[in-house]
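None of the figures in this text is laboratory data; all of them are computed from the coordinates on show. Quick caveat, the model's predicted, so the values are computed rather than measured. Here the Cβ positions follow ideal geometry from the backbone for every residue, glycine too, while neighbour counts run over all protein chains shown.
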Amino acid sequence: MLEVLISLAIFMTAFVALSQLSHNGMRSAVEARLTTKAILRAESKMAEIVAAVEPLEDITDQPFQDDESWTWSMQAVLGPHADLQDVTVTVNYEGANQLASTSFSMSRLIRDPIVYEMAAAEAAAAEEAELEGEGL
């Protein structure tokens, strides 16, 4: 009888350890999946900002169009040079509990779009002056 109780105790200890290991594995898989989605969403939103699809102004907790449980924020501050902006995009997902929530931030230096507009206007004005100077 004592041998049966000892073997049962060993079995239960092994079962509890394996179930805890399984739980940790599932939790890590969910965290990895959410983190990957957050990274992809942040990279996508940063690409939209670089392409000037989104304005270069501070935005807070804006939901994504395809899934409103995901939100994004953007902060633009002056960079190390006068014509650069340091843009930070943060993506958040608020799940039902702490284990099903994630957040990811990425930063990038972006040339200020006003610099592009001013350079294009100067080039157009110079070209127009050159054409007028030639009498065309």
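Normalising by the residue count of the chain, find the relative contact order in percent from Cα pairs under 8 Å and 6+ residues apart.
Worked out over the chain, it gives 18 percent.
If amide H atoms are built 1.01 Å from N in the plane of the peptide, which residues on other chains or at least 5 residues away come under 5 Å of the amide H of Gly79?
Under 5 Å from the amide H of Gly79 lie the amide H atoms of Leu84, Gln85, Asp86, each far enough along the sequence or on another chain.
When the chain is treated as a GNM, springs tying every alpha-carbon pair under 10 Å, which of Ala96, Ala47, Ala126 comes out with the largest mean-square fluctuation?
Taking springs between Cα atoms under 10 Å, the residue moving most is Ala126.
Taking θ = phi - 60°, what integer Hz values does the Karplus form 6.51 cos²θ - 1.76 cosθ + 1.60 yield along the range 22-31, in sequence order, with x for Gly and Pro?
Calculated HN-Hα couplings, in order: 5, 4, 4, x, 5, 5, 5, 5, 5, 4 Hz.
Which residue fluctuates the most in the chain, going by a Gaussian network model with Cα springs under 10 Å, if the choices are Thr60, Thr71, Thr35?
In the Gaussian network model the winner is Thr60.
Looking at (i) 47; (ii) 53; (iii) 67, which value of percent of Cα pairs over 19 Å apart comes from a calculation on the structure shown?
Step by step, percent of Cα pairs over 19 Å apart for this structure corresponds to label (iii).
Given H placed 1.01 Å from N in the peptide plane, which residues other than close sequence neighbours of Glu54 have an amide H under 5 Å from its amide H?
Ile49
With a cut-off of at most 14 other beta carbons within 10 Å, and DSSP calling the residue loop, which GluC sites (Glu not before Pro) in the range 52-136 qualify? Please list them.
Glu57, Glu68, Glu94, Glu134
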